[in-house]
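Working notes, beginning with the structure itself.
Where a number appears in this text, it was derived from the coordinates with a stated rule and is not lab data. As the structure is a prediction and not an experimental result, all values here were calculated from the model. Here the Cβ is made from the backbone with ideal geometry for all residues, glycine too, and neighbour counts use every protein chain on show.
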Amino acid sequence: MESIAWTGAALRVVDQRRVPDETVLLDLADVDAVVEAIATLAVRGANVIGTAGAFGYALGVRAGLDPVDVAARVVAARPTAVNLRVGVDLAHAARLAGDDPLDVAVRLLEEDRAACAAIGELGRAALAGASRILTHCNTGVLATTGRGTALGIVYAKAAAGEPVEVLATETRPLRQGARLTVWELQQAGIPVTLLVDSAAAAALATGRVDAVVVGADRIAANGDTANKIGTLALAIAARHAGVPFYVAATWNAVDPGTPTGAAIPIEERDASEVLGTGPGAPAAGTAVWNPAFDVTPADLVTGIVTERGVLRAPFGPAIAELAR
Ligand code: MRU
């Protein structure tokens, strides 16, 4: 299954809001549809929104809209994952150079697939001997155009015949772990156990986990990493339990222009995602804080697996070196 594909006329995406109940494909034929899909998380995951953003830009420009305006609208769809800005910037630069931005978007599909494969192999080597992997949110087939970043390492281990099993956190409030990660690992025949987010520290403290591996929406120049809300709690619990904590991300998530995690914009989403509806819902009007991401300081990170190599502390110099 491909999370996104170009049909020749539209960007065809799996509507991730409907997984695992049904597989609904959406054909996004203009920039408005792409922006709406990204903002509502029909299309989600840093890598896929980066590629979708490039397609959105290309569709807008092809429709004769103002390129600068189109770029700004697409980038504003979600603020935290820098991949979105990278995808749009690449497409915009191609247009300024007289090239077709659509070619850039199509190329990003291929490059993301290859980068995920490289992360899988590099991560497999870095995490040799770790078979019980705890992960958060969804970083796999649905979130990338390849086999994934953090989950790409899991898939690489399985493909190599190495023992691997996953503890998947539920990932409140939108349950990307419960709905998406569990579903795609089950499809692949990889053992997966679901736990509520608040059980993760206990899993770590009781020796059930060999390594935590998560994705990233933005990695600052010093290695501070923004990822799905709850990642910071996992990193703290992993450090306390003496369990290695790895970030796996394609280079498009690295943002050397953001000095530290404090400068990463954190998306805050609607209260309705937390409150829900129906029996058991809190009282209407209850005050809610619903950040979609948090920042894990670099000193809690054991290593960052990218397609360019596995980064180790001190991350600042390591990132500067690989950015060249
Ligand atoms: O809000 P989401 O579902 O887009 O958040 C996704 C994550 O936090 C992922 O871990 C990250 O984007 C990496 S996906 C390869």
(Q) Could you derive backbone 3J(HN,Hα) for the range 36-49 from the dihedral phi with the Karplus parameters 6.51, -1.76 and 1.60 (θ = phi - 60°), listing whole Hz in sequence and x where the residue is Gly or Pro? (A) 4, 5, 5, 5, 8, 6, 4, 10, 8, x, 3, 5, 5, 6
Q: Mind listing the long-range amide H neighbours of Leu194? Cut-off is under 5 Å, sequence gap 5 or more, other chains count too, H placed in the peptide plane at 1.01 Å from N.
A: Ala168
Q. Between Ala93 and Met1, what FRET efficiency follows from the Cβ-Cβ distance if R0 is 30 Å, with the result rounded to 0.05?
A. 0.45
Q: Quick one: what are the phi-derived ³J(HN,Hα) couplings along the range 249-265, Karplus 6.51/-1.76/1.60 with θ = phi - 60°, whole Hz, x for glycine and proline?
A: 7, 6, 4, 5, 8, 8, 10, x, x, 9, x, 9, x, 4, 8, 7, x
Q.
Need one number: nm distance between label points at Arg62 and Ala199, each 7 Å from Cα along Cα→Cβ, rounded to one decimal.
A. 4.6 nm
Q) To the nearest 0.05, what FRET efficiency results for Gln186 and Ala125 with a Förster distance of 41 Å applied to their C-beta separation? A) 0.95
Q. For Val254, which sequence-distant residues (separation of 5 or more, or a different chain) have an amide H within less than 5 Å of its own amide H, given hydrogens modelled in the peptide plane?
A. Ile219
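Work out the length of the dipole vector of the range 1-91 about its Cα centre, built from +1 on the beta-carbon of each Lys and Arg and -1 on the beta-carbon of each Asp and Glu, and round it to the nearest 20 debye.
The dipole of the range 1-91 has a size of about 220 debye.
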Q | Approximate shape of the chain as ellipsoid semi-axes (Cα gyration tensor, √5λ), whole Å, largest first | A | 29, 23, 19
Q.
Can you give me the distance in nm between label points at Val24 and Asp100, each placed 7 Å from the Cα along the Cα-to-Cβ direction?
A. 3.2 nm
Q. Which percent, nearest 5, of DSSP beta bridges in the chain are antiparallel?
A. 50 percent
Q) Amide H to amide H under 5 Å from Leu134: which residues, 5+ apart in sequence or cross-chain, H placed 1.01 Å off N in plane? A) Leu167, Asp210, Ala211, Val212, Val213
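Charges only on Cβ, +1 for Lys and Arg, -1 for Asp and Glu: so what's the dipole of the chain about the Cα centre, in debye to the nearest 20?
On the way: 26 positive and 35 negative charges, 141 e Å.
Dipole of the chain, to the nearest 20 debye: 680 debye.
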Q) If you project the alpha carbons of the range 9-156 onto the principal axes, what extent comes out on each, in Å, largest first? A) 53, 36, 26
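By average Cβ neighbour count within 10 Å, what is the ranking of 49-60, 98-109, 239-250, 277-288 from highest down?
Values: 49-60: 29.4, 98-109: 18.3, 239-250: 21.4, 277-288: 8.4.
Highest to lowest by the protection proxy: 49-60, 239-250, 98-109, 277-288.
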Q | Spin-label model distance (nm) - Glu162 vs Arg324, 7 Å beyond Cα toward Cβ | A | 3.0 nm
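Looking at the range 103-183, what % of the alpha carbon pairs are farther apart than 15 Å? Display every interim value, and only then the final one.
On the way: 1810 of 3240 pairs.
Cα-Cα pairs of the range 103-183 separated by over 15 Å account for 56 percent.
Given R₀ = 35 Å, FRET efficiency for Asp69-Ala114 by Cβ-Cβ distance, to 0.05? Walk me through the intermediate numbers first.
Numbers: r = 32 Å, r/R0 = 0.92.
The computed FRET efficiency comes out at 0.65.
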(Q) Output wanted: per-residue J couplings in Hz (rounded whole) for the range 18-29, from phi through Karplus 6.51 cos²θ - 1.76 cosθ + 1.60, θ = phi - 60°, x for Gly and Pro. (A) 9, 6, x, 5, 7, 9, 10, 9, 10, 9, 9, 9
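What are the equivalent ellipsoid semi-axes of the range 178-324, built from the alpha-carbon gyration tensor (square roots of five times its eigenvalues), in whole angstrom, biggest first?
Numbers: eigenvalues 161, 85, 44 Å².
Square roots of five times the eigenvalues give 28, 21, 15 Å.
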Q. Cα atoms only, the range 145-254: Rg and Dmax in Å?
A. 13.6, 37
